[in-house]
1. So how strong a dipole does the chain carry about its Cα centre when Lys and Arg Cβ are +1 and Asp and Glu Cβ are -1, to the nearest 20 debye?
2. Calculate the spin-label point distance for Asp93 paired with Met139, positioning each point 7 Å from the Cα along the beta-carbon direction, and give it in nanometres.
3. So what is the relative contact order for the chain, in percent, with contacts set as C-alpha pairs under 8 Å and at least six apart?
4. If you take the beta carbon distance between Ile14 and Gln77 as r and set R0 to 35 Å, what does 1/(1 + (r/R0)^6) give as a FRET efficiency, to the nearest 0.05?
5. Can you pull the one-decimal nm distance between simple spin-label points at Asn152 and Val130, each 7 Å off the Cα toward Cβ?
6. How about region 189-288: which GluC sites (Glu not before Pro) there lie in a loop by DSSP and see at most 14 other Cβ atoms within 10 Å?
7. Label Ala257 and Asp193 with points 7 Å out from Cα along Cα→Cβ: what is the distance between them in nm?
8. Once every Cα of region 177-259 carries one equal point scatterer and solvent is ignored, give the base-10 log of I(q)/I(0) from the Debye formula at q = 0.24 Å⁻¹, two decimals.
Amino acid sequence: MGDEAIGAVDDAAIRQARAFNRSVTQRIGALNDEYLARGRPLGASRVLWEIGADGTDLRTLRARLDLDSGYLSRLAQTLERDGLVAVAPGAGDKRVRTVRLTEAGRAERELLDRRSDELASSLLAPLSDVQRGRLVEAMGVVERLLTAGLVNVDVEDPASAAARFCIESYFAELDTRFDAGFDPSRSISADVDELTEPAGLLLVARLRGEPIGCGALKLHGREPAEVKRMWVAPSARGLGVGRRILSELEERARQRAVGLLRLETNETLKEAGGLYRSAGYVEVEAFNDEPYAHHWFEKRLT
């Protein structure tokens, strides 16, 4: 975290967060060299669990856990030396190494699950029913907020696999939600060339390396820019991702001396309309002939 980001958080909040971190790491045993008494630290056990029953590749695993590639390689080597995983070149790309659990690894993962359940029970058992309920509810809130903090939003090549996944998911959802379906060829275009600088840009939000949302700008010099392709995966809704993307689009527009943003939306997408209104967008008369739009909005940037 940079100095600017730290400066945006007040000292009392930082002290509370540090106290929380100390309490949690001690209570779950993360300070011990042997997490859950299995002869390895927490990081190695988490990697073993995250590999999953079907295996994965180290590149995906690194993105999912946000680990340094060198550190992850050392953890994988340790697990392989212990006979718990098998690491091999990928079938399609030899540069990408795959990792799978061995039979011993699957047995160890099952044991870790049982030990983890016992640890969770030990956290809750000393508490009264009321305290237990409050703690479980608070854990859910904390987990969701911490997950929101893991979301990264950045400019993406609109021709990339992640961009295509988001746009295609967006089209598929509109086709499901609109009474008469959705045909992209009838809608106002926002093609790859229109979302590539200097004509425009596309933002993609990722959580643990996986694309979960997008938003785009069509730029027209200093004339009003258009917000397009706003979409968030159902699994990521409630994390504030849409607001993050919209805010970032606005900042990118300001950097390009754009003074006014415009967008349109369908009446079926009530959550989108609510987001735009709460973000300061004002409903105006129709400024284009988008056949799927019922509401048109503008926001003047300062």
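The values are calculated or read from the model by the stated rules, or taken from the named source; none is laboratory data. The structure displayed is predicted, hence computed values, not measured ones. Glycine also receives a Cβ, built like all others from the backbone with ideal geometry; neighbour counts cover every protein chain displayed. Please note that ligands, DNA and RNA were not included when accessible areas were found on the heavy atoms of the full protein model with its side chains. Shrake-Rupley method; radii C 1.70, N 1.55, O 1.52, S 1.80 Å.
1. In debye, rounded to 20, the chain gives about 1040.
2. About 3.7 nm, to one decimal.
3. The value is 11 percent.
4. About 0.45, to the nearest 0.05.
5. 4.5 nm
6. Hits after loop and neighbour filter: Glu267, Glu285.
7. Result: 2.6 nm between the two label points.
8. These q points yield log10 I(q)/I(0) values of -1.17.
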